[in-house]
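Rule-based calculations on the coordinates, nothing more; no lab input. It should be emphasised that the depicted structure is a prediction, and the values quoted were computed from it without experimental measurement. All Cβ positions, glycine included, derive from the backbone under ideal geometry; neighbour counts span all protein chains shown.
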Amino acid sequence: MIDIRNMAELVTDNVEKVIVGKHEEVTLALISLLCRGHALIEDVPGVGKTMLAKALARSIGCTFKRIQFTPDLLPSDVTGTSIFNQKTQEFEFRPGPVLAQIVLADEINRATPKTQSALLECMEERQLTVDGITHLMPNPFLVLATQNPIEYEGTFPLPEAQLDRFLMRITLGYPGKSSEITIMDQQQFSHPIQTLSQAVSVEDLLTMQVAIKQVHVSPPVKEYIVTVVETTRNHEEIYLGASPRGSLGLYRTGQARAALEGRDYVLPDDIKALALPVLAHRIIVSPAARLKNVSSRAILAEILDQAPAPGAGTTRIAGRPARGGS
């Protein structure tokens, strides 16, 4: 297997020249990209959501497009449209900004549900149908969507079907005191994004996306994933639990995290570390729990505390000795 860990460190170190003091969040965004998944970045304005998407695209050499979602944005503004060419007497497809390798859907919840749904086919099936003609999305393809969790006036909450298509929901949060001072020093004369160089190639990324699928997930870890997800479906404070897409998300992100740690097998700790960003946005809390101000993250944390995790010795391939063993 290729050295995914070193290649990933090149990307994260490069992105952290722009996004300071957010190593875990940058790693989660990279895991989404390695898993061919999409990420929803939910946080207040000004914490670097847009810069994270730009820095990730530049670090890998991907094409990057930004879509500013507004209430008057039309689906054709996202997907593109067919225009009649009078010279050739034929309709020509003019691609929209969604046909890029990394797409930033900025403030996605400000657009109407009709415009939001223009992304559904692109995100899940990696294709785009306009006027009956299907166009394949570029490879790799990642949607990084942002939304403000505080401001609700003039917004349209994402429907459950669209939320479920996001592999992760990431929260950046405010930087620490020392990190904020570093940010001011870095931007005294210019923004570091302007001089950010490419760390790895697109071909390297595609190779990593294939390689992480070779990471072993033992039967006990698979059972642990299903146990956690199944518990969300039967919990008294949860109205709607996670779907099988959530199980697949935990499975794939667990493989990616293990590879970034230099392992060829997934540990229960990988699943615990990823459960909140992968599952929390897929869960609908019951009305009674909302009245008590109980969040999906709090319920998931309780489930993780109570669900029995398999022992470390059962997580490796049967018959393969543990590292350092005989």
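Using 7 Å Cα-to-Cβ label points, what is the Leu163/Asn293 separation (nm, one decimal)?
2.0
Once each part is reduced to its C-alpha centroid, what is the distance from segment 260-309 to segment 32-64 in angstrom?
Here the answer is 23 Å between Cα centres.
Quick one: compute a quarter of the convex hull surface over the Cα atoms of the chain and quote it in nm².
It is 20.4 nm².
5 Å is the cut-off here: which amide hydrogens, built 1.01 Å from N in the peptide plane, fall below it relative to Gly80, excluding neighbours closer than 5 in sequence?
Those qualifying (amide H under 5 Å, at least 5 residues apart or on another chain) are Gly96.
Calculate the spin-label point distance for Glu24 paired with Glu237, positioning each point 7 Å from the Cα along the beta-carbon direction, and give it in nanometres.
For Glu237 paired with Glu24, the spin-label model returns 2.0 nm.
Please identify the DSSP H helices in the chain that span no less than 18 Å along the helix axis (Cα) and have a mean Kyte-Doolittle hydropathy of 0.0 or more.
Counting only whole DSSP H runs, no helix qualifies.
Within the chain, what's the longest stretch lacking chymotrypsin sites (Phe, Trp or Tyr not before Pro) that sit in DSSP loops with no more than 13 other Cβ atoms inside 10 Å? Present the calculation step by step, with values, prior to reporting the outcome.
Values: sites that count: Tyr152, Phe189.
Here the longest segment lacking exposed loop sites spans 1-151.
Listed highest first by mean packing, meaning other Cβ atoms within 10 Å per residue, what order do 104-113, 201-210, 39-48 come in?
Ranking the peptides 104-113, 201-210, 39-48 by packing returns 104-113, 39-48, 201-210.
What is the distance, in nm, between label points placed 7 Å from the Cα along the Cα-to-Cβ direction at Thr112 and at Gln186?
The two pseudo-label positions are separated by 4.0 nm.
Could you list which residues have their amide H under 5 Å from that of His135, counting only those 5 or more apart in sequence or on another chain, with H placed in the peptide plane?
Those qualifying (amide H under 5 Å, at least 5 residues apart or on another chain) are Leu128, Thr129, Val130.
In square nanometres and to one decimal, what's the mean projected area of the convex hull around the Cα atoms of segment 160-211?
Values: hull surface 26.4 nm².
That works out to 6.6 nm².
Calculated FRET efficiency, Ser286 and Gln89, Cβ-Cβ r, R0 45 Å, to nearest 0.05?
E(calc), rounded to 0.05, equals 0.15.
Once phi is turned into ³J(HN,Hα) by the Karplus curve 6.51 cos²θ - 1.76 cosθ + 1.60 with θ = phi - 60°, what whole-Hz value does each residue of segment 160-169 show in order, with x for glycine and proline?
Values per residue, Gly and Pro as x: 4, 4, 7, 4, 5, 7, 8, 5, 9, 10 Hz.
List the GluC sites (Glu not before Pro) within segment 209-294 that DSSP assigns to loop and that have no more than 13 neighbouring Cβ atoms inside 10 Å.
Glu236
Based on DSSP, what percent of beta bridges with both residues in the chain are antiparallel, to the nearest 5?
Looking only at bridges with both residues in the chain, the antiparallel portion is about 40 percent.
Hey, got the Cα dimensions of segment 184-283 along the principal axes, in Å, largest first?
55, 32, 20
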